[in-house]
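K.L.:
Below you'll find the structure I mean.
The values are calculated or read from the model by the stated rules, or taken from the named source; none is laboratory data. Computed from a prediction, not measured in an experiment: that's the story for all the values here. Heads up, the Cβs are rebuilt from the backbone with ideal geometry, glycines too, and the neighbour counts pull from every protein chain shown.
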């Protein structure tokens, strides 16, 4: 769509004002606030053209204009100023991460908190996850009777724990020997290679390997690691959602793992690490998000581990700051993953 510079300016100012006030924007207030070198009548004429283009709409006959979903899409794709975060903010965020650089869970909780606080919206962060599970280490810990805690560590640092039941009680000494044997035999192997090693161990080892193979297969079938959420109350406090169930419907997609995995699989998993994707109004696909926008990014090392981060808020979110924040946090997490976890 070809807009004149004046139309681009007016559209940008209306979006900024609507983001700030959540109210329709009139031509007179726009001229006065921004000291525009044009009359209210000229601004009204341009607003009428932008309405014909379906970039603006008029909620009521006597009201000002508000952006449409198409207006926001044009703004994000063509006009948003993607300036970086202030230097002090970047330094503070980076310092917080590097204080906890050896604790991946703390990184992810911190990332969710930073995104929620900086955007004043809801945030999501998924743990770094390998598309292909590669074995690193195994621990077997006796608990009660036939119950054993299996701790599986994958290359890249992903850890899975589960209780398993053996056919008969086994001593901790015996479990430690089997765990060490499997760890030495299977290190850096995928599911296919481990399956071929079943003949190289005894009956107990075969049972453990079968459980191990099943767990690694489940990991590969999952599209995301553990999910961390923050800032839900930020969305519920927005005026659009004060007396509406739409915010709760939108938050449900974050809290329901199958819905979120479907969303991420069809969006952020298709972009490169460091890239940004913005979904406005559910893009006609996710009805739960028709009053919301999501800014998503992928982080990590594309050859080993990647995860997703994002911010969900009302359509009138401050896209320039939100996109800058999501991009910066994604870059910090990518550096940490590459330096500390990726193998």
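K.L.:
For the stretch 282-316, enumerate the residues that are in a helix (DSSP H, G or I) and either on the phi > 0 side of the Ramachandran plot or out of contact with any helix residue (DSSP H, G or I) (no Cβ under 6 Å at 6 or more places or on another chain) (or both).
P.N.:
282, 283, 284, 287
K.L.:
Related question: Please determine whether any residue of the stretch 236-255 is touching a helix residue (DSSP H, G or I) at 6+ places or on another chain (Cβ under 6 Å) and free of Cβ contacts under 8 Å to residues at least 12 places away in the same chain.
P.N.:
Looking for residues that are touching a helix residue (DSSP H, G or I) at 6+ places or on another chain (Cβ under 6 Å) and free of Cβ contacts under 8 Å to residues at least 12 places away in the same chain, one finds none in the stretch 236-255, hence no.
K.L.:
Could you check how many residues of the stretch 260-281 are closer than 21 Å to residue 128 by Cβ and either touching a helix residue (DSSP H, G or I) at 6+ places or on another chain (Cβ under 7 Å) or part of a helix (DSSP H, G or I) (or both)?
P.N.:
Of all residues in the stretch 260-281, those closer than 21 Å to residue 128 by Cβ come to 260-277.
Still in the list and also either touching a helix residue (DSSP H, G or I) at 6+ places or on another chain (Cβ under 7 Å) or part of a helix (DSSP H, G or I) (or both): 260-266, 268-270, 273-274, 276-277.
Final tally of qualifying residues: 14.
K.L.:
Let me confirm something: among 53, 34, which residue is modelled with pLDDT of 95 or more and surrounded by 12 or more Cβ atoms within 10 Å (Cβ to Cβ)?
P.N.:
Working: 34 fails: modelled with pLDDT of 95 or more.
Selected residue: 53, the only one of 53, 34 that is modelled with pLDDT of 95 or more and surrounded by 12 or more Cβ atoms within 10 Å (Cβ to Cβ).
K.L.:
OK, next. Can you list the helices (runs of 4 or more DSSP H) found entirely within the stretch 1-59 that contain at least 3 residues being under 20 Å from residue 78 (Cβ atoms) and touching a residue at least 40 places away in the same chain (Cβ under 8 Å)?
P.N.:
Fully inside the stretch 1-59 and qualifying: 5-21, 40-52.
K.L.:
Which of the residues that make up the stretch 166-221 are surrounded by 13 or more Cβ atoms within 10 Å (Cβ to Cβ), touching a helix residue (DSSP H, G or I) at 6+ places or on another chain (Cβ under 9 Å) and outside any helix (DSSP H, G or I)?
P.N.:
Selection gives 166, 170, 190, 197, 201.
K.L.:
Checking residue 149 against (1) farther than 30 Å from residue 315 by Cα; (2) touching a residue at least 40 places away in the same chain (Cβ under 8 Å), only one condition comes out false. Which one?
P.N.:
If we test residue 149 against (1) farther than 30 Å from residue 315 by Cα; (2) touching a residue at least 40 places away in the same chain (Cβ under 8 Å), just (2) comes out false.
K.L.:
Of all residues in the stretch 113-144, count the ones that are free of Cβ contacts under 8 Å to residues at least 40 places away in the same chain and either in the same structural domain as residue 312 (by TED's automatic domain parsing) or under 22 Å from residue 335 (Cβ atoms) (or both).
P.N.:
Qualifying residue count for the region: 0.
K.L.:
Test residue 333 against the criterion of being part of a helix (DSSP H, G or I), in contact (Cβ under 8 Å) with a residue 40 or more places away in the chain and in contact with a helix residue (DSSP H, G or I) (Cβ under 7 Å, 6 or more places away or on another chain), and give yes or no. Even if it seems obvious, please write down each step before you answer.
P.N.:
On the way: part of a helix (DSSP H, G or I): yes; in contact (Cβ under 8 Å) with a residue 40 or more places away in the chain: yes; in contact with a helix residue (DSSP H, G or I) (Cβ under 7 Å, 6 or more places away or on another chain): yes.
Yes, satisfied.
K.L.:
Mind checking whether some residue in the stretch 222-233 is over 15 Å from residue 141 (Cα atoms) and in a helix (DSSP H, G or I)?
P.N.:
Looking for residues that are over 15 Å from residue 141 (Cα atoms) and in a helix (DSSP H, G or I), one finds at least one in the stretch 222-233, hence yes.
K.L.:
From 73, 91, which residue is out of contact with any helix residue (DSSP H, G or I) (no Cβ under 8 Å at 6 or more places or on another chain), surrounded by 16 or more Cβ atoms within 10 Å (Cβ to Cβ) and in a helix (DSSP H, G or I)?
P.N.:
73
K.L.:
When you check residue 319 against the structure, is it closer than 17 Å to residue 130 by Cβ, in contact (Cβ under 8 Å) with a residue 60 or more places away in the chain, surrounded by 15 or more Cβ atoms within 10 Å (Cβ to Cβ) and touching a helix residue (DSSP H, G or I) at 6+ places or on another chain (Cβ under 7 Å), yes or no? Quick ask: steps written out before the conclusion?
P.N.:
Working: closer than 17 Å to residue 130 by Cβ: no; in contact (Cβ under 8 Å) with a residue 60 or more places away in the chain: yes; surrounded by 15 or more Cβ atoms within 10 Å (Cβ to Cβ): yes; touching a helix residue (DSSP H, G or I) at 6+ places or on another chain (Cβ under 7 Å): yes.
So residue 319 does not fit the description; no.
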